[in-house]
Amino acid sequence: MRRPAPPRHPSLWAGTLILALVLVPAALSAVWTPFPPGAIDIAHRLLSPSLRHVLGTDPFGRDVASRLMVATLNSGLVCAAAIALGGLVGIPLGLLGAAPGWGGALVMRIADLGLAFPPLLTAAMLVAAEGTGIAAEIVAIGAFNVPAFMRIARGGALSVLHRDFIAAARVAGRGRVAILLEHVLPNIGAILLVQATLALAIAALSEAGLSYLGLGMPPPLPSLGRILADDQARIFDAPLLVIAPGAVVALLVLGCNLLGDGLRDRLDPTLAPVR
Amino acid sequence: MSTPLLEADGLVREYGPGRRVLHSVGLTVAAGETLGIIGGSGSGKSSLARILMGLQRPDAGRVRFRGIDLYGADRAALRAARPQLQAVFQDPYGSLDPRQRVGRIVAEPLRGQGLDRAARDERVRWALEAVSLPPDAATRHPHAFSGGQRQRVAIARALVGRPALVIADEPVSALDVSVQAQVLNLMLELQARLGLAFVFISHDLGVVRHMAHRIAVLEAGRIVEAGDAAAVLGSPRHPATRGLLEALPTAPSC
């Protein structure tokens, strides 16, 4: 079926634009920053924004813009790894959960149990149990994404599995695993991508939260949450020190949510809001 | 008659207690013939089709294809016989995976048959040609095709493993009337060329009459009349058959 004119997806473009605004400088920080992010220069502490220091300097004279770029990259990589982990574990389990009979039901009840815990608390609890560190943080954030991916994968699989091309594949003599990999997974790819994007928003928030609480990235590495925590006392004399990392977190979350909504409208027209 | 190709007896299917949609249905199909199964909506056609295709275990009864129980314990024999038993579904929009290219869709019954890629491609080319689709159809996705063309793709998939029997569940009822005739004639031509047997399931007596050598009339989950197509349609004995015949539109003679 051909649509007469492709519908426009403003949130897709807005989300892409906002994320690009935040993530392009972050990616750039891997090869270049205006100043070395860790370079302490007490003589130039707490400078106001200028052409030299776009966002000013912090109490140690470090360039705020450079530190934010690196912090965003660090946070982004942790979130991406956590989502990848959540998907790699959750999607196969969700497909397993789509199996008929008590096995599938059991798998999904376990997922419900996981969803019953509030995400940030789950993450904090896991970090408390495992100790801090990048790996622990990735596992913590990834863990509460597992049940979400399971539910999405299972729901998608159930709706694909009753379609005739699955029956045709069975008549063609294909086994269960082949059908799941070759027919079900490609047909739920779109909704999984949307889920990953939306989950990225929550992950960014959680990463900032964990780092703020000192449960996230270990000290020498700049992260958005810890910059907020370190400089929050300066909110009255140097408000930009707190506003800037907060704004980056907010933009990341907003951008991911808009992108996710836009992708969903674009990839699944049946879910698009009626205009 | 020697052993029939497909032999079903005592098939029962029920959806919960008291909701029995098939009551002890039995039928046979010989090599090279078409058995038409005709019934109105709710007669149990689709349940019967799924059981004959090996997709839905019946609550009682057996289906044997070349003497092998489709729901029996001998998995190896079933796997070996399976490519010989193929199916065509009603909705050509639902029966082709929208994410796969036609070449891959058609080749699906050949997967796991120990054929190499070149041999598979060769068979796919042959099957597409048999249903009068251009060879470059293989590189396109199903959405690039019309309903009638898609049903040709589905038929090519059913043919590619050189089946002995194709079970067609309402294969033309989703198509335009003008396209229906093309697809039906294609199936007849393939039958003549390849010696296929068909189980042709439909609610449309006109279509079944065009296709079937023998006809079974399914009514409320029971086969109420069966026999030679000419005999069943020429002197119907059961009221259900007469009802179906009367429902046929008669073309004004000119």
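Readers should treat all values here as calculations from the given coordinates under stated rules, not as data from a laboratory. Since the model is a prediction, treat every value here as computed from it, not as a measurement. Backbone-built Cβ (ideal geometry, glycine too); neighbour counts: all protein chains shown.
The figures follow:
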{"item": "14 Å beta-carbon shell around B:R193, net charge (K/R +1, D/E -1)", "result": "-1"}
{"item": "Three semi-axes of the equivalent ellipsoid, the range B:115-209, Cα gyration tensor, whole Å, largest first", "result": "23, 17, 10"}
{"item": "Angle in degrees between helix A:119-130 and the longest Cα principal axis of chain A, rounded to the nearest 10", "result": "80 degrees"}
{"item": "Proximal charge balance of A:V89 [Cβ under 15 Å; K/R count +1, D/E count -1]", "result": "+2"}
{"item": "Rg and Dmax of the range B:6-246, Cα atoms only, in Å", "result": "17.8, 54"}
{"item": "Peptides B:237-244, A:26-33 ordered by average Cβ neighbours within 10 Å, highest first", "result": "B:237-244, A:26-33"}
{"item": "Computed [θ] at 222 nm, helices only, for the protein assembly as shown once each DSSP H run of length n ≥ 4 contributes -39500 (n - 2.57)", "result": "-16500 deg cm²/dmol"}
{"item": "Only Lys, Arg (+1) and Asp, Glu (-1) charged, at Cβ; the range B:141-238 dipole about Cα centre in debye", "result": "300 debye"}
{"item": "Listed residues B:I37, B:S178, B:V124: farthest to the positive end of the dipole of the range B:6-246 (Cβ charges)", "result": "B:V124"}
{"item": "Largest-first principal axis extents of the Cα set of the range A:25-167 (Å)", "result": "70, 37, 20"}
{"item": "Fraction of antiparallel bridges per DSSP, the protein assembly as shown only, in percent to nearest 5", "result": "55 percent"}
{"item": "10 Å Cβ neighbours from other chains, averaged over peptide A:171-183", "result": "5"}
{"item": "Relative packing of A:223-232, A:172-181, A:40-49, which averages over residues the other C-beta atoms within 10 Å, highest first", "result": "A:223-232, A:172-181, A:40-49"}
{"item": "Within chain A: Cβ-based charge dipole about Cα centre, in debye rounded to nearest 20 (Lys, Arg +1; Asp, Glu -1)", "result": "980 debye"}
{"item": "Neighbour net charge for A:I42 - beta-carbon separation under 15 angstrom, K R +1, D E -1", "result": "-1"}
{"item": "Hydrodynamic radius (Kirkwood) for the range B:174-226, which is based on Cα pairs only, to one decimal in Å", "result": "12.3 Å"}
{"item": "B:R75/A:A105 FRET efficiency (R0 22 Å; Cβ-Cβ; nearest 0.05)", "result": "0.25"}
{"item": "Dipole magnitude of the range B:6-246 about its Cα centre (Cβ charges: Lys, Arg +1; Asp, Glu -1), debye to nearest 20", "result": "640 debye"}
{"item": "Convex hull per residue volume in Å³, alpha carbons only, for chain A", "result": "167 Å³"}
{"item": "Peptide-level mean, for B:92-102, of C-beta atoms on other protein chains within 10 Å", "result": "5"}
{"item": "Kirkwood Rh, angstrom, the protein assembly as shown [1 / mean 1/r, Cα pairs]", "result": "27.4 Å"}
{"item": "Order by protection proxy (mean Cβ within 10 Å, highest first), peptides A:54-67, A:113-126", "result": "A:54-67, A:113-126"}
{"item": "Chain B - share of DSSP beta bridges that are antiparallel (%, nearest 5)", "result": "50 percent"}
{"item": "Exercise: per-residue mean of other protein chain Cβ atoms within 10 Å, B:103-110", "result": "3"}
{"item": "Between the range A:199-250 and the range B:81-136, the Cα center-to-center distance that results, in Å", "result": "56 Å"}
